[in-house]
1. Of the numbered conditions (1) over 29 Å from residue 204 (Cβ atoms); (2) out of contact with any Cys (no Cβ under 7 Å at 6 or more places or on another chain); (3) surrounded by 15 or more Cβ atoms within 10 Å (Cβ to Cβ), residue 170 satisfies every one except a single condition; which is it?
2. Suppose the filter is touching a helix residue (DSSP H, G or I) at 6+ places or on another chain (Cβ under 9 Å) and not in a strand (DSSP E or B); does residue 151 pass it?
3. Restricting attention to region 158-178, which residues are assigned to a loop (DSSP other than H, G, I, E, B) and within 17 Å of residue 117 (Cβ to Cβ)?
4. Look through region 62-104, keep the residues that are on the phi < 0 side of the Ramachandran plot, out of contact with any Phe, Trp or Tyr (no Cβ under 8 Å at 6 or more places or on another chain) and small (Gly, Ala, Ser), and return whichever of them is surrounded by the most Cβ atoms within 10 Å (Cβ to Cβ).
5. Just one of the numbered conditions (1) farther than 20 Å from residue 87 by Cα; (2) of a type outside the set (S, T, N, Q); (3) at pLDDT 95 or above is not true of residue 128; which one?
6. Would it be correct to say that residue 181 is on the phi < 0 side of the Ramachandran plot, touching a residue at least 60 places away in the same chain (Cβ under 8 Å), surrounded by 14 or more Cβ atoms within 10 Å (Cβ to Cβ) and in the same structural domain as residue 197 (by TED's automatic domain parsing)?
7. Quickly run through region 63-107 and pick out the residues that are modelled with pLDDT of 95 or more, in a strand (DSSP E or B) and under 22 Å from residue 135 (Cβ atoms).
8. Please go through (1) at pLDDT 95 or above; (2) over 29 Å from residue 201 (Cα atoms) for residue 118 and return the number of the only condition it doesn't satisfy.
Amino acid sequence: MKTNFTIVSIFLITFFLSGCTNTSGNKQSKESAADSSKAVSASDHPDVLSVGAGDTAKFISKQLVVKGDVEHPLTLTVDSLKNMKVSVMHDMNVVCQSGATVNTINQSKGVLLKEILNKAKLKQSNHKDRNFYVVARATDNYKATFSWGEIFNNPAGDNVYVLFEENGKPISQRGSMVLFSLSDTKTGPRHVRWLSSIEVNKVN
């Protein structure tokens with residue numbers, strides 16, 4: 001009798017413990033799902049600015065100014081870019097700092113940032129003069145920074161583009177030009193919408 005009572009007791013304890021584990025697991029799964037859902041909301045990512053449709057017009061720029069420590073300052077338009085060496089990219093994901101993919105661009109067209117800087121020509125005193133950094137700035141003052149070595153002496157430099165077309169259409173609501181660094185692990189932080197200037201600076 002005592003043995004039966006012991007067996008029943010063990011069974012009941014196991015049952016209740018199992019039930020708590022499942023309940024906790026379900027709760028955790030729901031919380032994880034909620035967190036995941038929350039993660040893809042643009043408003044929760046500092047590198048994805050949520051702007052109402054009526055507010056985008058004030059950020060739109062039709063020109064891209066290349067200035068600073070360059071011999072030939074430039075003012076570029078979409079037509080200017082189309083007359084340069086245009087590349088076509090596929091399956092570009094905008095990945096935020098959290099790791100969430102907030103947008104996928106199936107196809108885009110653009111020009112390498114390196115090509116634009118070569119056209120402007122950095123003010124180098126000689127071939128060893130390489131202490132430059134480049135700031136891509138948006139009209140809302142969002143900025144992304146690149147070093148000379150990253151652009152001109154690294155495979156990353158072959159993956160930084162100024163885009164003017166996405167999915168077969170001109171970029172419009174996010175400005176006419178956008179900067180995108182494909183080789184970044186998380187592309188969101190250096191995804192510059194409403195791109196308005198490329199500023200070259202020398203480290204003294």
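1. (3)
2. Working: touching a helix residue (DSSP H, G or I) at 6+ places or on another chain (Cβ under 9 Å): yes; not in a strand (DSSP E or B): yes.
For residue 151, the condition - touching a helix residue (DSSP H, G or I) at 6+ places or on another chain (Cβ under 9 Å) and not in a strand (DSSP E or B) - is met.
3. Residues of region 158-178 that are assigned to a loop (DSSP other than H, G, I, E, B), as a first pass: 167-168, 171-172, 174, 176-177.
Of everything in region 158-178, just one residue is assigned to a loop (DSSP other than H, G, I, E, B) and within 17 Å of residue 117 (Cβ to Cβ), namely 177.
4. It comes out as 100.
5. (3)
6. Working: on the phi < 0 side of the Ramachandran plot: yes; touching a residue at least 60 places away in the same chain (Cβ under 8 Å): no; surrounded by 14 or more Cβ atoms within 10 Å (Cβ to Cβ): yes; in the same structural domain as residue 197 (by TED's automatic domain parsing): yes.
Spelling it out, it is not the case that residue 181 is on the phi < 0 side of the Ramachandran plot, touching a residue at least 60 places away in the same chain (Cβ under 8 Å), surrounded by 14 or more Cβ atoms within 10 Å (Cβ to Cβ) and in the same structural domain as residue 197 (by TED's automatic domain parsing).
7. 64, 65, 66, 67, 68, 70, 74, 75, 76
8. If we test residue 118 against (1) at pLDDT 95 or above; (2) over 29 Å from residue 201 (Cα atoms), just (2) comes out false.
The values are calculated or read from the model by the stated rules, or taken from the named source; none is laboratory data. As the structure is a computational prediction, the values presented were derived from the model and not from experiment. Please note: Cβ atoms are built from the backbone with ideal geometry, for glycine as well, and neighbour counts cover all protein chains shown.
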